[in-house]
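The values are calculated or read from the model by the stated rules, or taken from the named source; none is laboratory data. Only a predicted model underlies this, so the values are computations on that prediction, with no experimental measurement involved. Don't worry about glycine lacking a Cβ; one is built from the backbone with ideal geometry, like all the others, and counts go over all protein chains shown.
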């Protein structure tokens, strides 16, 4: 057996995310055993989506050796793909168990667990030296080994700690979510918190991606992930701001 810090950290992040989401869901009336059973399938969907999205957006890394797609311990798990995979599986699982009414509770529970899980999981990128930005001489720059640098940056040794910037951003997102919950700006279980999380994270990720050196330009200098975020941001903003008259969430 081989030990991989990447796998340990990602696994720890998943456990923390699960415990936080379970606590939120149970407090809203969902049975903990039922929640645990459903999260297994949601987690598998998120895992599959995370790897698939990464492979599709970085196909050049795998086109010549398809077997590397299976080596997830080497890095390459997209949070955007994980969210999409989980969102696709979640309503299917709830429909099959005839618990569709819990959809909003599940979504809002994940809104509070995902930022914390992301904050922990991003340290796995630091261990693998796979998520860093452009070269910089700032005091907080991180050193990247030559074998982990692109060939066109071999002369540069220090880069922006992009993983750490994202950690700060998602923790700020979590703080704002708790403020909204405390001040009763939205009703837990309405799905508003999840919409806000996606919008807040998407906005930050869109901006941070400009510093990524592995971002392939597709349209007007924007990468694939940025274009995806740009498409969904207006929808998420509308959902987050739209008043639900029947539930009187605001």
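Some points to look at:
- Condition met for residue 114 (closer than 23 Å to residue 54 by Cα, part of a loop (DSSP other than H, G, I, E, B) and touching a helix residue (DSSP H, G or I) at 6+ places or on another chain (Cβ under 8 Å)): no
- Candidates are the residues of region 155-172 that are within 21 Å of the chain's Cα centre (by Cα) and part of a loop (DSSP other than H, G, I, E, B); the one that is farthest from residue 25 (Cα to Cα) is 160.
- Scanning region 173-190 for residues that are touching a helix residue (DSSP H, G or I) at 6+ places or on another chain (Cβ under 8 Å) and either in a helix (DSSP H, G or I) or at positive phi (or both) yields 173, 174, 176, 177, 178, 180, 181, 189.
- Close contacts from region 144-160, counting a first residue that is under 10 Å from residue 129 (Cα atoms) and a second that is surrounded by 10 or more Cβ atoms within 10 Å (Cβ to Cβ), with Cβ to Cβ under 6 Å and a gap of 6+ residues or different chains, come to 144/129; 144/132; 144/159; 148/129.
- Residue among 152, 193 that alone is outside any loop (DSSP other than H, G, I, E, B), at pLDDT below 90 and over 21 Å from residue 123 (Cα atoms): 152
- All of 81, 85 fail the test of being part of a helix (DSSP H, G or I), touching a helix residue (DSSP H, G or I) at 6+ places or on another chain (Cβ under 7 Å) and at pLDDT below 90, apart from 81.
- Unique match (being at pLDDT 90 or above and surrounded by fewer than 18 Cβ atoms within 10 Å (Cβ to Cβ)) among 235, 176: 176
- Within region 37-73, the residues that satisfy the criterion of being more than 23 Å from residue 225 (Cα to Cα) and touching a helix residue (DSSP H, G or I) at 6+ places or on another chain (Cβ under 7 Å) are 38, 39, 41.
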